[in-house]
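Only the coordinates and a few stated rules stand behind these numbers; no lab work does. The structure displayed is predicted, hence computed values, not measured ones. Counting neighbours? That spans all protein chains shown, and the Cβs are built from the backbone with ideal geometry, glycine included.
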Amino acid sequence: MGDKIRYSCESGFVLEGHSILTCIVSAGSGAQWDFPSPFCRAEGACGGTLRGTAGSITSPGYPAEYDNNLDCTWSILSEPGDTIALVFNDFLLEDKYDFLEISGTEAPSIWN
C-alpha cells in the first residue's frame, strides 16, 4: 500500500493517462492502483482518449496539412460533476470539408 509506479514514453510518443499511479487498498477489492494504467500513443495520432485533469488534442502533422478523409475522434473521460474546458490556441477549418462536433452525456454549456 502506498507504493508508486511512474510511467513515461519513449521519444515520439505521448502518455495518455496519469504518469504516477499509487497502490491503494479498498474494502472488498484488496490492493489496486488509484487510476487506470496509462498507455503511449504516437505523437500526431488521429484520435484517442484523454483522462486526468489536463491534456492536449492536436491535428496529425500540425502545423503541416494532414491527409484527406481523416476521421479523428477524441474522447475525454472525467469524473461526474467535473467541468471540461476546451481552449483553442490555434483553430482553422477547411470550408465544406472539416468540422468540429462536441457531444456528451449532458447538454453542453458554452462560455465566452
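What range in the chain is the longest one free of chymotrypsin sites (Phe, Trp or Tyr not before Pro) that are in a loop by DSSP and have at most 14 other Cβ atoms within 10 angstrom? Present the calculation step by step, with values, prior to reporting the outcome.
Values: sites that count: TYR66, PHE88, PHE91, TYR97, PHE99, TRP111.
Excluding the exposed sites themselves, the longest stretch runs over 1-65.
Report the rotationally averaged projected area of segment 1-45 based on its alpha-carbon convex hull, in square nanometres.
Numbers: hull surface 13.2 nm².
With the hull built on Cα positions only, its mean projection is 3.3 nm².
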Item checked: Descending Cα extents along the principal axes, segment 46-102, whole Å -> 36, 18, 18
Next item on the list: Select from segment 1-69 those GluC sites (Glu not before Pro) which occupy a DSSP coil region and have at most 11 other Cβ atoms within 10 Å, ordered by residue number.
Entry: GLU10, GLU65
Check: From the backbone phi of segment 26-32, what are the Karplus-calculated ³J(HN,Hα) couplings (6.51 cos²θ - 1.76 cosθ + 1.60, θ = phi - 60°) in whole Hz, Gly and Pro given as x?
Finding: 10, 4, x, 10, x, 6, 7
Margin query: Would you report the distance distribution of C-alpha pairs in the chain as whole percents per 10 angstrom bin, up to the bin with the largest distance?
Written below: 10, 35, 32, 16, 5, 1
